[in-house]
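Here the structure is laid out as structure tokens; the discussion comes afterwards.
The values are calculated or read from the model by the stated rules, or taken from the named source; none is laboratory data. Model, not experiment: these values are computed from the prediction. Reconstructed Cβ throughout: ideal geometry from the backbone, glycine too, with neighbour counts over all protein chains shown.
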Amino acid sequence: MADTLTPADIDLSLYPEGTELDSENRLLIGGCPVAQLAAEYGTPAYLIDEGALRRTARDYIRAFTSRHPRSLVLFASKSFPSASVIGVLAQEGCGTDVASAGELGLALAGCADAGRAVFHGNAKTDEDISAAVRARVRYIVIDNLDDVERLARLAQSPVPVLLRVSPSLDAKTHAAMMTGHDSSKFGIPADQVEDVITEIRRQPMVDLRGLHAHVGSQLLDLAQFEAAVTALAEFERFGVYDFGGGLGVRYVREDEAPSVEDYAEALVSAVHRKLGTDVELLVEPGRSMVARNGITAYRVVTVKRGVRSHAAVDGGMGDNLEVSLYGQPFQPSVIDRSGPAETVDIVGRHCESGDRIAEQVQVVAPAVGDLVTVPVTGAYCYTMSNNYNTALRPPVVFCDQGSARLAVRRETFADLLRREQLIGSPVEAGG
């Protein structure tokens, strides 16, 4: 372990492609000094490298369409439900994967094309189905027989659908990220698929076009995607196949993850072998589209040293639930200065002992006021941000070629009060 750390010791391979240090050893994201962004927009803040995000989208589309021209890359909007993020990816040619009327509305607000949207959900309401039908999404994914009943009742003309199959695969990932096993709440068990297909075909308003399977999230073994193809090949042939998302990413220096090129090669090769070369192929990347392209900036509020040293920052599980929910490790850094190395826990400000961002990490010995950055927070952190302890949710700032733009402003206390309906008589100040 090092005795002294400098800005050059930060593992920039975890940060958005193109992240660098300037001549003063300041960390730049999208060409913008993080320190200046923190001064202008405050902390905590989600910082997105717009150029890197666009490049990732182009890389994804090229990786699939070069191997299989009838491919459509759909951004899993749940991973970063922002109209600006969805809009930027739509500009680059991505479709959108949505799972509620709200996500669909957000996608349309971001100028996404409904004709390139696929509508998911294991518990779609009448409102959800009606919104998808009105918008004329590309496909509605049937997850259960109640979806069939609702669609048959609400649709005025035939609606193209895909049937989600639970492929009976135990993904090598966190249990909460497994979606394709026998007891999953998602999809139709393999032994019921034929009966559900028969029922769908009895409904003139439900036009079955293909099958869908999603094994899980944060998958690092490409064989699991190939196994999903094999599972769907057991059924009759269709013209459309959607294999969801799930490609994993690196979160810390020691991690290894497949490239988008390797993923596309493995999946397309399996599709060509098992399902043919002329099918429409859909994929739904979320985490692997946005995770590395976003970081979170915090400021150290207090430091406690003892048997175990703690540096508490001005955010935590209110803006990053991945640690508490999945035990996800992260690799934070104290930025923009050199100093003695110290092993500390980076903890949050919330009233939970489990509110930790990283445990026993080596950083420049932290001091009050230091800036701390956490890379690979572009997926699901904003999604699951919350108001624990009435914390205000952070802003989202897009950075590109040295310029910054506010995509989502910081939440205010007035925003929270706007939803409150006081029961009883108002309490007068000082009364």
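Structure notes:
- The set of residues in the stretch 301-333 being free of Cβ contacts under 8 Å to residues at least 60 places away in the same chain, of a type in the set (A, V, I, L, M) and under 23 Å from ASP255 (Cα atoms) consists of VAL323 alone.
- Selection count, the stretch 39-54, where residues are in a helix (DSSP H, G or I) and surrounded by fewer than 22 Cβ atoms within 10 Å (Cβ to Cβ): 5
- Test: ALA407 is touching a residue at least 40 places away in the same chain (Cβ under 8 Å), under 26 Å from TYR251 (Cα atoms) and in contact with a helix residue (DSSP H, G or I) (Cβ under 8 Å, 6 or more places away or on another chain): yes
- Matching option when the condition is part of a helix (DSSP H, G or I), touching a Phe, Trp or Tyr at 6+ places or on another chain (Cβ under 8 Å), outside the structural domain of VAL260 (by TED's automatic domain parsing) and among the aliphatic types (A, V, I, L, M), among ALA35, ALA8, ALA57: ALA57
- Scope the stretch 312-354; condition touching a Pro at 6+ places or on another chain (Cβ under 6 Å) and not in a loop (DSSP other than H, G, I, E, B); matching residues: VAL334, ILE346
- Filtering the stretch 82-109 to residues that are in contact with a strand residue (DSSP E or B) (Cβ under 6 Å, 6 or more places away or on another chain), hydroxyl-bearing (Ser, Thr, Tyr) and within 26 Å of SER166 (Cβ to Cβ) leaves only THR96.
- Single residue of the stretch 366-407 satisfying the filter (under 22 Å from GLU420 (Cα atoms), under 21 Å from the mean Cα position of the chain (by Cα) and aliphatic (A, V, I, L, M)) that is surrounded by the fewest Cβ atoms within 10 Å (Cβ to Cβ): MET384
- So ASP255, is it surrounded by fewer than 17 Cβ atoms within 10 Å (Cβ to Cβ), over 23 Å from PRO366 (Cα atoms) and in the same structural domain as LEU162 (by TED's automatic domain parsing): yes
- Just so you know, in the stretch 281-307 the residues that are among the β-branched types (Val, Ile, Thr) and either at pLDDT below 95 or surrounded by 23 or more Cβ atoms within 10 Å (Cβ to Cβ) (or both) include one that is farthest from GLY216 (Cα to Cα), and it is VAL307.
- Selected residue (criterion: nearest to GLU149 (Cα to Cα)) from residues of the stretch 107-133 that are among the charged types (D, E, K, R) and surrounded by fewer than 23 Cβ atoms within 10 Å (Cβ to Cβ): ASP126
- Residue within the stretch 110-122 that is of a type in the set (A, V, I, L, M), modelled with pLDDT of 95 or more, touching a strand residue (DSSP E or B) at 6+ places or on another chain (Cβ under 7 Å) and more than 20 Å from GLY239 (Cα to Cα) present: yes
- For the stretch 260-280, the criterion of being assigned to a strand (DSSP E or B), under 21 Å from the mean Cα position of the chain (by Cα) and either under 18 Å from GLY216 (Cβ atoms) or assigned by TED's automatic domain parsing to the domain that holds ASP345 (or both) is met by no residue.
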